[in-house]
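> Pasting a structure here, questions to come.
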Amino acid sequence: MVSKYLHQRGYWAVEKAIEIHNLTKRYKDVCAVENLNLSIENGEIFGFLGPNGAGKTTTIRALTGLAKPTSGSVSVCGFNVASEPEKVKRVIGVVQQHFTFDLDLNLRENMELHARLHHIPKNIRRQRIDELLEFVSLTKQSERLVEDLSGGMKKAAMIARALLHQPKIIFLDEPTVGLDVQIRRRMWDLIRKLSRSGTTIFLTTHYIEEAEALCSRVGIVNQGHLIALGSPSELRGQVGLATVEMLVGGEYTRYEHFVDRQEALAYMQCLPSDVKAVVRDSSLEDVFVKLTGKKVEADGDA
């Protein structure tokens, strides 16, 4: 259904979904993003990771036209964000971390309101709303007040609403924060389903396992700079595919990374007998911590 609309609107002719060239954004004396270069393919699920203040939010604001770059250029679906903002708005959908529904309306009424705001013709509004509610498995809940929906249903409804005007690219800001594990994995299935339909996903998340499970590529930013870019397996290879965890003095855990498990096991054999250690596959979190010196946090950003 979604891919049918995209074909009708001719978005498949664009080679890159997003192109960022030397993007720099300064706020007074603070440089939030500096000389960022990044290309994202059509239909890709791209993960954008970084500690608080790394520049993730600033980058998304520049991509969606909410922040004017100090220098550099940004294009979305071939449209220049600075000079063609209205065209950009028509090809992007944004799902924010916080809910933005009218709580006095039911789900269908919220969808109807959003469709009217996007000037979707009356003769196709009902059909599109019905199709999208089915797409996110919320048809039976369409007459319920939004405030009575579960957290996972609200997140799914936000995605459905963001798709109403047939965007080519969806920006998902922490789409599963606050959800329990089972609901989070259902959301993962929905995101994969959306990607299979041809929509490009730009995902920010502080759940490292989420990026590892969903994303074909991941970019890690720190202090306004892109410090790593590649598939999760490629990034793991930069650190080492095997990790030794050691409990030191019964007080803290130390991590050592190795090319493979054979090297890791050889290292363990040289450890003192009183050191507790295990070998495991390295993870994207290991890459993140090693490159940034920090863990991903959920609150705040620049």
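Coordinate-derived values only; no laboratory data. Since we're looking at a predicted model, the values are computed, not measured. Because the Cβ atoms are built from the backbone with ideal geometry, glycine has one as well, and the counts that use them run over all protein chains shown.
> Taking 0.36 nm per intervening residue step and subtracting the Cα-Cα distance, what contour gain separates residue 216 from residue 122 on full extension? Could you put the intermediate results ahead of the total?
On the way: separation 94, 0.36 × 94 = 33.84 nm, distance 3.78 nm.
Working it through step by step, the gained length comes to 30.1 nm.
> Mind checking the log10 I(q)/I(0) for the stretch 38-116 at q = 0.17, 0.20, 0.23, 0.25 Å⁻¹? Debye, one equal scatterer per Cα, no solvent, two decimals.
Log10 of I(q)/I(0), two decimals: -0.86, -1.05, -1.19, -1.26.
> How high is the relative contact order of the chain, in percent, counting Cα pairs under 8 Å that sit 6 or more residues apart? Don't jump to the answer; show the numbers that get you there.
Details: 569 pairs, mean separation 70.1, N = 302.
Computed over the chain, the figure is 23 percent.
> For the stretch 241-281, just the Cα set please: Rg and Dmax, both in angstrom.
9.6, 27
> Loop only by DSSP, 14 or fewer other Cβ within 10 Å of the Cβ. Give me the GluC sites (Glu not before Pro) in the stretch 185-254 that pass, ordered by residue number.
Working: sites: 209, 210, 212, 234, 245, 251; in loops: 251.
Passing sites in the stretch 185-254 are 251.
> Now, a different point. Taking the alpha carbon gyration tensor of the stretch 179-221, what are the square roots of 5 times its eigenvalues, largest first, to the nearest whole Å?
Details: eigenvalues 52, 49, 10 Å².
Semi-axes, largest first: 16, 16, 7 Å.
> Which length gain, in nm to one decimal place, applies between residue 276 and residue 70 when the Cα-Cα distance is subtracted from 0.36 nm times their residue separation? Each step should come with its number before you reach the end.
Working: separation 206, 0.36 × 206 = 74.16 nm, distance 5.12 nm.
Gain in length upon complete extension: 69.0 nm.
> Let me ask something else about it. With a point put 7 Å past each Cα toward its Cβ, work out how far residue 182 is from residue 41 in nm, to one decimal.
It is 3.6 nm.
> Then there is this: Which lysines, if any, have their Cα less than 17 Å from the Cα of residue 68, not counting same-chain residues under 8 positions apart?
25, 28, 56, 87, 89
> What ratio of Cα Rg to 2.2 N^0.38 Å holds for the stretch 217-288? Kindly include the intermediate steps, with their values, before the conclusion.
On the way: Rg = 14.1 Å, N = 72, 2.2 N^0.38 = 11.2 Å.
Rounded to two decimals, the normalised Rg is 1.26.
> Provide the FRET efficiency to the nearest 0.05 for the residue 24-residue 83 pair, computing r from the beta carbons and using R0 = 22 Å. Please report the intermediate quantities before stating the final value.
Details: r = 18 Å, r/R0 = 0.80.
Computed FRET efficiency for residue 24 and residue 83 comes out at 0.80.
> Going by Cα centres, the stretch 220-244 and the stretch 20-66 are how many Å apart?
Taking the Cα centre of the stretch 20-66 as reference, the centre of the stretch 220-244 is 17 Å away.
> May I pose another question? Can you pull the Kirkwood radius for the chain, inverse mean 1/r over Cα pairs, to one decimal in Å? Please list the in-between numbers first.
Details: mean 1/r = 0.0479 Å⁻¹.
Every distinct Cα pair counted, the radius reaches 20.9 Å.
> Let me ask another. Taking the beta-carbon count within 10 Å as an exposure proxy, list 193, 155, 140 from fewest neighbours to most. Provide the component values of the computation, followed by the final result.
Working: 193 14, 155 27, 140 8.
Ranking 193, 155, 140 by Cβ neighbours within 10 Å, fewest first, gives 140, 193, 155.
> Collect residues whose amide H, placed 1.01 Å from N in the peptide plane, falls under 5 Å from the amide H of residue 282; neighbours closer than 5 in sequence don't count.
242, 243
> Looking at the chain, what % of its DSSP beta bridges pair antiparallel, to the nearest 5?
Details: 34 of 51 bridges.
If I count the DSSP bridges inside the chain, around 65 percent turn out antiparallel.
> Below 18 Å, Cα to Cα, which lysines can residue 154 reach? Residues fewer than 8 away in the same chain don't count.
Straight-line reach from residue 154, under 18 Å: 140, 193.
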